[in-house]
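Everything on this sheet refers to the single structure shown next.
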Amino acid sequence: MTGASSATAMPRLLSVDHGDPEGRGGIAFDLKLATACGVYAASTVTAIVADGEAMPVPADIVGGQLRAVMEDIGADALRIGRVTETDQLLAVSEVVEHLGHGVPLILDPVLVDATGRHLMNRDALQVLKARLVVRAQALILDLAAAEVMVGREIRHVDGLIDAVATLASLGPEQVVVAGGPAFGIAMLADDDIDLIADEGLAAGPLGGPPIGLATAVAMGAIRGLDARRSWRHHAELIRATVAADPAARAAAGSHPSTDLHAAFRAVTPDDPAGEETCP
């Protein structure tokens, strides 16, 4: 359960998340973004989502998927998204705890859905913090999830910065909290907190994080990039989409991830632009 065997091997990303039948998020979106950037993506499905409802995959199946990928393929980075059940979190953490220290863990947990419903009970949240957050290289949250994690409302920019510091005290090396247009994106790396203005770059349904950001951070971590540098690359990827196909943004309608699909045509590993836009 270690990283790539050589510097020339194709980078490997393992995405642990829900299955999105429309391909606009979760594992399906990760596969597209990773492929566009020359990264081999494997997956572990944690829930099947349809019509706003999610059916969790049994914990033993989640653990079995993880072990199969790690034993047969391996991974150079893990991105863990929607894992909401206590037994699922325990199964995932058992595999994570056997990873080598050189395999970055990027956490992008889904704690609150688009309707404001909390998806984790108290026991699940405790397992998330004690078994996964403490080991994470980067923790990436939207505003609602950050409020759940710190146990208080975030009503102003100072509160956002305080929340990032509180989250960092839980163990992750880097923290990103997307506060939406009102607050911007707060990033902690190398013990410094930066506040980045929200540029409307394909923010998530709750005001952030921008779609695909956690995946970009995971791919960047394979190359030794921190969250700040990965964000800059990812922002350029989104801008490249609009430049490549301005109609794509208008056609995207209510879901911003559609905007990125044009970039998959414009940015490939063999395209010089890929060096600038892929982490």
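General remarks:
- Screening E153 on (1) over 20 Å from A227 (Cα atoms); (2) in a helix (DSSP H, G or I) shows it passes everything except condition (2).
- Yes/no for G179 being modelled with pLDDT of 80 or more and either closer than 17 Å to V39 by Cβ or buried (at least 17 other Cβ atoms within 10 Å of the Cβ) (or both): yes
- Test: I161 is more than 22 Å from V69 (Cα to Cα), over 19 Å from the mean Cα position of the chain (by Cα), assigned to a helix (DSSP H, G or I) and not charged (D, E, K, R): yes
- Residue within segment 133-145 that is more than 18 Å from T215 (Cβ to Cβ), touching a residue at least 40 places away in the same chain (Cβ under 8 Å) and over 15 Å from the mean Cα position of the chain (by Cα) present: yes
- Residues in segment 164-195 that are assigned to a loop (DSSP other than H, G, I, E, B) and either over 22 Å from T215 (Cα atoms) or among the acidic types (D, E) (or both): S169, E173, D190, D191.
- The listed residues are V110, V103, and the only one of them that is more than 20 Å from G179 (Cα to Cα) and either in a strand (DSSP E or B) or under 16 Å from the mean Cα position of the chain (by Cα) (or both) turns out to be V103.
- Some residue of segment 25-43 being modelled with pLDDT under 90, assigned to a strand (DSSP E or B) and crowded, with 18+ Cβ neighbours inside 10 Å: no
- Identity of the residue in segment 87-121, more than 18 Å from V49 (Cβ to Cβ) and among the polar types (S, T, N, Q), that ends up surrounded by the fewest Cβ atoms within 10 Å (Cβ to Cβ): N121
- If only residues of segment 6-24 that are over 12 Å from the mean Cα position of the chain (by Cα) and among the acidic types (D, E) are counted, the one that is surrounded by the most Cβ atoms within 10 Å (Cβ to Cβ) is D20.
- If you filter segment 149-176 down to residues that are over 25 Å from V96 (Cα atoms) and out of contact with any helix residue (DSSP H, G or I) (no Cβ under 7 Å at 6 or more places or on another chain), you find that the one that is surrounded by the most Cβ atoms within 10 Å (Cβ to Cβ) is I161.
- Checklist (1) farther than 25 Å from A9 by Cβ; (2) at pLDDT 95 or above applied to L105, failing item: (1)
- Here is the figure for segment 63-94: residues that are without any contact (Cβ under 8 Å) to a residue 40 or more places away in the chain and either among the β-branched types (V, I, T) or assigned to a strand (DSSP E or B) (or both) total 0.
- Note on segment 130-148: among residues that are among the β-branched types (V, I, T) and surrounded by fewer than 20 Cβ atoms within 10 Å (Cβ to Cβ), the one that is farthest from A114 (Cα to Cα) is V134.
The values are calculated or read from the model by the stated rules, or taken from the named source; none is laboratory data. Computed from a prediction, not measured in an experiment: that's the story for all the values here. Ideal geometry is used to build each Cβ from the backbone, glycine not excepted, and the neighbour counts take in all protein chains shown.
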